[in-house]
Amino acid sequence: MKQSLHIPSLKTAHILKDTDLSRQEILSLYQLTNELRRQFMKDRQRSLSLLEGRTLGMIFEKNSTRTRVSFQVGMYQLGGNAIHLTTNDIQLGRGESMEDTARVLSRYLDAIMIRSNSQEKVDVLAANSQVPVINGLTDIYHPCQALTDYYTVAEHLGPRARVGYIGDAANNVAISLAYSGAILGYDLVFISPQEYSLPEVHKKEVVKLMQVSGGTFTETDNAAKGVLGCQVLYTDVWVSMGMEKEAELRKKKLEPFSLTSILLQKAETHPYIMHCLPAKWGEEIQPELQDYDRNLIYEQAENRMHVQKAILVSMMLG
Ligand code: CP
Ligand code: NVA
């Protein structure tokens with residue numbers, strides 16, 4: 001089956017941040033995603049051999065539902081194995097260095113996926129790993145999420161669309177959406193209070209990438225104006241993992257940026273809605289939107305598995 005698939009050879013050894021992949025590589029990953037998904041639906045058995053004998057280690061310093069299950073099931077569907085390694089269980093949690101963890105795990109595993117509270121730690125893991133490392137969320141980036149989200153957007157709207165992100169535009173999901181959107185050439189509108197806008201250092205890079213891809217980046221703190229014309233409205237929690245101490249302040253400042261049915265009407269486009277989940281229904285998104293007819297939220301969650309299968313195959317076989 002491998003021969004009949006278009007498996008991209010990625011230039012990067014690891015996926016640590018969105019800019020590790022080029023536009024062409026992302027599009028090739030989407031093509032492989034389509035092929036793997038089609039083959040799996042058609043003939044479940046045949047697709048079960050691609051990663052036979054291979055094992056993915058999944059290190060988690062933070063909680064996860066989607067990332068853990070989609071990677072684990074994705075590996076099983078491809079004939080491989082996945083091991084769930086929480087920092088409570090492995091010696092990393094008792095102070096063993098990231099360097100030694102990488103050196104040792106590289107000898108057992110074929111790839112490592114890590115969710116960490118620090119991008120720096122993930123970079124150190126990769127620098128000392130002999131096998132591919134995939135970022136499954138850090139304090140700064142969530143590249144697998146953003147890659148999947150633009151796959152989902154492209155399925156519904158094609159390669160150009162006006163995508164609005166509303167809420168905490170300084171968090172990991174927003175930052176990755178900005179970078180991947182810039183690489184792919186989407187028209188992004190970031191809507192947030194100024195203190196939670198996309199950090200300047202990332203904004204500069206995003207604008208540079210847009211000059212190459214032809215996308216655009218605009219930002220506003222006026223929710224009603226910002227949503228006008230958006231074909232997608234995306235939001236994420238106001239209090240990300242590790243920010244619990246700031247919860248009350250954030251909820252107060254971000255309250256005017258909640259996704260409501262009234263705000264959706266102001267878009268005047270019948271926009272799709274997206275959320276990486278987990279959601280706080282009643283905070284950044286109102287419960288009435290669960291049954292909204294253009295809700296892509298659960299499709300995004302499903303697509304995590306399909307896109308990550310393409311990532312795993314490309315990194316291990318490409
Ligand atoms: N969206 C996402 O990464 O979900 P989890 O935190 O459940 O993995
Ligand atoms: N911004 C959220 C995303 C969870 C998938 C967080 O970091 O908690």
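The values are calculated or read from the model by the stated rules, or taken from the named source; none is laboratory data. Predicted model, so just to flag it, every value in this text is computed and none were measured. Using ideal geometry, Cβ is built from the backbone for each residue, glycine included, and neighbour counts are taken over all protein chains shown. All accessible areas refer to the heavy atoms of the entire protein, side chains included, with ligands and DNA or RNA removed. Shrake-Rupley method; radii C 1.70, N 1.55, O 1.52, S 1.80 Å.
Ignoring everything except DSSP H segments at least 4 long, calculate the 222 nm mean residue ellipticity for the chain; use -39,500 (n - 2.57) per segment, divide by total residues, nearest 500.
-13500 deg cm²/dmol
How many angstrom separate the Cα center of region 17-90 from the Cα center of region 107-137?
Between the Cα centre of region 17-90 and that of region 107-137, the gap is 15 Å.
Given the Cα-Cα distance of A13 and R294 and 0.36 nm per residue of separation, how much length would full extension add, in nm?
Full extension from A13 to R294 adds 97.5 nm.
How would you classify region 201-316 from its alpha-carbon gyration tensor, with a ≥ b ≥ c the square roots of the eigenvalues: rounded for a/c under 1.5, else prolate if a/b is greater than b/c, otherwise oblate?
Rounded, since a/c falls under 1.5.
Given the peptides 130-143, 156-169, 205-218, arrange them by the average over their residues of other C-beta atoms within 10 Å, most packed first.
Packing order, densest peptide first, comes out as 130-143, 156-169, 205-218.
What dipole magnitude, in Debye to the nearest 20, does the chain give about its Cα centre under +1 on Lys/Arg Cβ and -1 on Asp/Glu Cβ?
My answer is approximately 780 debye.
Would you work out the charge dipole size for region 65-112 about its Cα centre, treating the Cβ of every Lys and Arg as +1 and the Cβ of every Asp and Glu as -1, and quote it to the nearest 20 debye?
160
Among M113, N81, V69, whose Cα lies farthest out toward the positive end of the dipole of the chain, if unit charges sit on the beta carbon of Lys, Arg (+1) and Asp, Glu (-1)?
Selected residue: N81.
With all protein chains present, how much of the accessible area of region 224-298 (probe radius 1.4 Å) comes from carbon and sulfur, to the nearest whole percent?
53
Over the Cα atoms of the chain, what radius of gyration and what Dmax do you get, in Å?
Using the Cα atoms of the chain, the pair Rg, Dmax is 19.2, 55 Å.
With charges only on Cβ, +1 for K and R and -1 for D and E, what is the dipole size of region 183-271 about its Cα centre, in debye, rounded to 20?
I would put it at about 60 debye.
Just the accessible area per residue of region 200-318, please: how many Å² with a 1.4 Å probe?
Spelled out: the 1.4 Å probe surface of region 200-318, per residue, equals 48 Å².
Over region 1-75, with every protein chain in place, what whole percent of the accessible area is carbon and sulfur at 1.4 Å, could you tell me?
46
Along the Cα→Cβ direction, 7 angstrom out, place labels at I83 and T216. What is the inter-label distance in nm?
According to this spin-label approximation, the distance is 5.1 nm.
Considering only DSSP states other than H, G, I, E and B, which GluC sites (Glu not before Pro) in region 261-304 qualify as loop sites with at most 15 other Cβ atoms within 10 Å?
Passing sites in region 261-304 are E268.
Given the options A170, V153, M41, identify the residue whose Cα lies farthest towards the positive end of the charge dipole of region 26-171 (+1 on Cβ of Lys, Arg; -1 on Cβ of Asp, Glu).
M41
Residue farthest toward the positive end of the dipole of the chain, with Cβ of Lys/Arg at +1 and Asp/Glu at -1: which of V207, M241, L254?
V207
Of K208/K245; K11/K208; K17/K225; K204/K225; K204/K280, which sit over 29 Å apart, Cα to Cα?
Long pairs (Cα-Cα over 29 Å): K208/K245; K17/K225; K204/K280.
Express the relative contact order of the chain as a whole percentage, based on alpha carbon pairs under 8 Å and six or more residues apart in sequence.
19
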